[in-house]
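A quick write-up on the structure given underneath.
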Amino acid sequence: MSGSAGTFTDRVTLRIGKVRLTAFASVAIGHDLDSIASTFTVHCLDDARLRRALFVHLATWQAAIGPLGPGQACTVEIDGTPVLVGWIDAIKGRWTGDSLTCEISGRDKTGDLVDCMPLPDGPAEFRNIDLLGIAKAVCQPFGIAVRAETDIGAPFDRLSFQIHETALSALEKAARQRAVLVTSDGVGGLLLTKSGTTRGPAPLEIGGNVQAMQFDLNWERRFSDYYIKGQSANGRLGLAALDASHAAGADDAAVTPSATGRGHVLMTGHARDPEIGRYRPTVRTVRTQSAMDSVQVQAEWLLRVSKGRADQRHYHVLDWRDGRDRGLWLPNQIVAVYDPYIGIDGDMLIAGVRYLFDEHGARTELRVVGRTAYDRINEGARRRGHHHNDTGPLDATVTPLSAADGGKK
């Protein structure tokens, strides 16, 4: 049952041990590429059912899982399909005479990667191991399976973790060196993938399945010219190689070398965004010695990511499933969008999904961005043979290239 005001949904099941909780007055289940771990919050507000579940069958409950509390393993299902496998983080309850309410929230297993340090007993350094092997070594103590659905590149000659890094931060920095996106599969595993590998179950159409829309078109972090500056020792790169130029979707994008007089060559990667009609340059630096093609690739990448992130919409659609096959909406899907109000008729990337239920019924909120918002570039060529912590990570949130990672991407 679901849909009308004052009712509940029994399409969502929270499994804790052998006990199944259903009949929730409100539900929010979310997965976003920016925060890795899927989250859930459910409200048990049907007093009669709650009392019957918790008190009449108290002996069965305690025999199965003990008193309900944080830290217990759980599985969240939609229509019998698991969408989150993880742990209960918090329980909030309130009793006021004849009213009993309970809010249960938690995250999937990858939440521990956001909070915890990797391999405190070592190893702190890996040699001749590929990204999948490193990810498995880090995730195995947490009981998190890892799978790759894209090319993970060559093994690392040498890769080290910093003592202050979280497990997620360390894995993301390693993944960036192989142009791989790290995300949760929602059901207890970590996924090494690329952005936009599958398609959504249906198009998003204003005047069709879209109930409501919000948009955020923000050009504060878009620029007319993107410059990446780095340097390389003369002994490592021949000056002849530095004469090359690379197109970046603009006529004057080029790598410009110049000698410093101190045994190094300064290099500039340059990409221009023709959609920005006024002069708005930005300059980012690479702290390590950098190969010529690397600074140009980074400039082009920064332009693409900035453009993709500047276009963000939220669409609300009926139900949690759509299309001929009634598939669930999922993050990292490419979706066709028809929105004459904003003026788009083309593909975009689903960056976040929230399955919602409340007095307005079942619906899905989709955070949709430009297809290039989560592009990755291969940093491995310029960093091979160096310590992993020789430089700060490149971050798709268009922060300075030397910025350190936090708990989120």
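Taken together, the values in this text are just the output of simple stated rules run on the coordinates, not laboratory data. What you see is a predicted model, and the numbers here were worked out from it, not measured in a lab. Virtual Cβ from ideal backbone geometry, glycine too; neighbours counted across all protein chains shown.
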Fill in the blank from the handout: Once both label points are put 7 Å beyond Cα along the C-beta direction, the residue 7-residue 163 separation in nm becomes 5.9
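According to the square roots a ≥ b ≥ c of the eigenvalues of the Cα gyration tensor, what is the shape class of the range 335-376, taking rounded for a/c under 1.5, prolate for a/b larger than b/c otherwise, and oblate for the remainder? Intermediate results must be reported in sequence, preceding the final value.
Working: a/c = 3.67, a/b = 1.54, b/c = 2.39.
Because a/c hits 1.5 or more and a/b fails to exceed b/c, the range 335-376 counts as oblate.
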Handout entry: Using a Förster distance of 30 Å, the FRET efficiency for residue 215-residue 278 (Cβ separation, nearest 0.05)
Key = 0.85
Exercise for the section: Distance check, please: which entries in 18/173; 136/194; 92/173; 173/229; 92/136; 109/307 exceed 29 angstrom between their Cα atoms? Expected result: 18/173; 92/173; 92/136; 109/307
Practice task
Pop out the ³J(HN,Hα) list for the range 110-117 in order, Karplus 6.51 cos²θ - 1.76 cosθ + 1.60 with θ = phi - 60°, rounded to Hz; leave Gly and Pro as x.
Solution key: 5, x, 5, 5, 6, 8, 10, 7
Practice task
For residue 333, list long-range residues whose amide hydrogen, built 1.01 Å from N in the peptide plane, is under 5 Å from its own amide hydrogen.
Solution key: 350
Problem - ³J(HN,Hα) computed for each position of the range 309-319 - Karplus, 6.51 cos²θ - 1.76 cosθ + 1.60, integer Hz, glycine/proline x - result: 6, 6, 10, 10, 10, 10, 10, 9, 10, 5, 6
Practice task
Just flag the trypsin sites (Lys or Arg not before Pro) in the range 273-368 sitting in loop per DSSP whose Cβ has no more than 12 other Cβ atoms within 10 Å.
Solution key: 278, 324, 326
Completion exercise
Spelling it out for residue 84: with amide H atoms placed in the peptide plane at 1.01 Å from N, the residues 5 or more places away or on another chain with amide H under 5 Å from its amide H are 76
Practice task
Identify the GluC sites (Glu not before Pro) of the range 108-209 meeting these criteria: DSSP loop state and at most 15 other C-beta atoms within 10 Å of the C-beta.
Solution key: 149
Problem - Built amide H within the under 5 Å cut-off of residue 145, gap 5+ - result: 190
Practice task
In whole Hz, with x marking every Gly and Pro, tabulate ³J(HN,Hα) for the range 177-182 from phi via Karplus 6.51 cos²θ - 1.76 cosθ + 1.60, θ = phi - 60°.
Solution key: 5, 10, 6, 10, 8, 9
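Exactly which trypsin sites (Lys or Arg not before Pro) in the range 137-179 are in a DSSP loop and have at most 16 other Cβ atoms within 10 Å?
Values: sites: 147, 158, 173, 176, 178; in loops: 158, 178.
Answer by residue number: 158.
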